[in-house]
Amino acid sequence: MAGILDGKAALVTGGGSGIGRATAIAMAREGARVAVSDLSKDGIDETVALINAAGGQSIAIQGDVTDEADVANMVARTVSAFGRYEIAQMLNQGGGGAIVNTASIAGLVGLATSGHYVATKHGVVGLTKSAAIEYAQDGIRVNCVNPGYIKTPMTRETMDERYDEIIAKVPVRRLGVPEEIAEAVVWMCSDKASFMTGASHVVDGGYSAA
């Protein structure tokens, strides 16, 4: 049975661990060819090895998403390997495409003592909405996923310090796992989400509803 991303190419940033790794693996499982990028060479090499060992097709591209030249290289190498990716290439080749940005529940609500993080994640949500409107007529869908508290290396220190306090605010009373976010991203990138654009898809165990 064909996967829901059969024939598609994807570039996953932050793919060396956590949500990014889970997303890259899930995309490959669903038939996409996946370029995996991260600052950590060891991390992306491991992700790519996992994908290729399972019969997928993947390449590693080390880079920093805050560096314009690195981002240009990520896109260029992905296009060279797989023939597709990102808005400029989507516009040139036609046929549209899908982008999923990673925001956070912090892009929808405020969090005490986390003003800078909240501001940047609200920015991701706003950018997502604007890009979705701008490129809708080109068949390019732009959405974002808003994870709650997920069990990843990035949240380990916070969980060690404030686990009981945080879990008390999550109605399902547990942390999410990266694979739960990955499944949402895969669906949003698939044709099954063809009428979804400019949306913030919340996966947070009910945190923002409480």
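The values are calculated or read from the model by the stated rules, or taken from the named source; none is laboratory data. Since the structure is predicted, the reported quantities are computational estimates derived from the model, not experimental observations. All Cβ positions, even for glycine, are placed from backbone atoms using ideal geometry, and neighbour counts span all protein chains on display. The area values use the complete protein model at the heavy-atom level, side chains included, leaving out ligands, DNA and RNA. Shrake-Rupley method; radii C 1.70, N 1.55, O 1.52, S 1.80 Å.
Before moving on, here are some points about what is shown:
- Checked against (1) open to solvent by less than 60 Å² (accessible area, probe 1.4 Å); (2) out of contact with any strand residue (DSSP E or B) (no Cβ under 6 Å at 6 or more places or on another chain); (3) part of a helix (DSSP H, G or I), VAL125 passes all but condition (2).
- The stretch 65-86, residues that are in contact with a Lys or Arg (Cβ under 9 Å, 6 or more places away or on another chain) and β-branched (Val, Ile, Thr): THR78
- Of the residues making up the stretch 97-122, not one is assigned to a helix (DSSP H, G or I), of a type in the set (S, T, N, Q) and in contact with a Cys (Cβ under 9 Å, 6 or more places away or on another chain).
- The residue of the stretch 88-109 that is nearest to ALA184 (Cα to Cα), among those that are open to solvent by 30 Å² or more (accessible area, probe 1.4 Å) and in contact with a His (Cβ under 9 Å, 6 or more places away or on another chain), is VAL100.
- Annotation: THR155 fulfils all but one of (1) among the hydroxyl-bearing types (Ser, Thr, Tyr); (2) closer than 17 Å to ALA106 by Cα; (3) open to solvent by 60 Å² or more (accessible area, probe 1.4 Å); the unmet one is (3).
- Tallying residues that are on the phi < 0 side of the Ramachandran plot, open to solvent by 60 Å² or more (accessible area, probe 1.4 Å) and more than 18 Å from the chain's Cα centre (by Cα) within the stretch 110-122 yields 4.
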